[in-house]
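In what follows, a structure is listed as structure tokens, so that the remarks can point back to it.
The values are calculated or read from the model by the stated rules, or taken from the named source; none is laboratory data. All values derive from a computational prediction rather than experimental measurement. Every residue, glycine as well, gets a Cβ built from its backbone with ideal geometry; the counts of neighbours run over all protein chains shown. The accessibility values were calculated without ligands, DNA or RNA, using every heavy atom of the protein model including side chains. Shrake-Rupley method; radii C 1.70, N 1.55, O 1.52, S 1.80 Å.
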Amino acid sequence: MRLTDLFFEWWWVAGLAILCLGIYEQGAKVLEKEIALFQHQADDLRQKTVQARALQAELKLQVTSQSDPAWIELVLIKNIGLVPEGYKKIYVPSEIEQ
């Protein structure tokens, strides 16, 4: 049996192997893109988790300080803009009015 006869009898095996490798390559590219997307989403979620924990710690401090009169005064000054008697309130506009 000659080599050319062997090739003509088994050409479909080589074609099938090439087809399978092409499909595998395409699937590997799609998988790499999905992995990169999921890693990006995981990084975003980690960052949001860190921010949420920092906010949680700040809120816990505020809750535990609610019975302290000095803390209540500071919160009223900072958040609402109330000024106790004896203090001077200075208003600085954000834009210069013409």
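In this structure the chain gives 100 Å² per residue of accessible area when probed at 1.4 Å with all protein chains present. What angle do you read, to the nearest 10 degrees and between 0 and 90, between the alpha-carbon axis of helix 3-64 and the longest principal axis of the chain? Helix 3-64 and the main axis of the chain meet at about 10 degrees.
Only lysine pairs 8 or more places apart, or on different chains, with alpha-carbon atoms under 24 angstrom apart are counted in the chain, and they number 5.
With a Förster radius of 22 Å, plug the Cβ-Cβ distance of Val75 and Ala54 into 1/(1 + (r/R0)^6) and report the FRET value to the nearest 0.05. Rounded to the nearest 0.05, the efficiency is 0.75. Rounded to the nearest percent, how much of the accessible area of the chain (1.4 Å probe, protein heavy atoms only) is carbon and sulfur? Whole-percent figure for carbon plus sulfur exposure: 64.
Near Ala54, once Lys and Arg are set to +1 and Asp and Glu to -1 for all other residues with Cβ below 15 Å from its Cβ, the sum equals +3.
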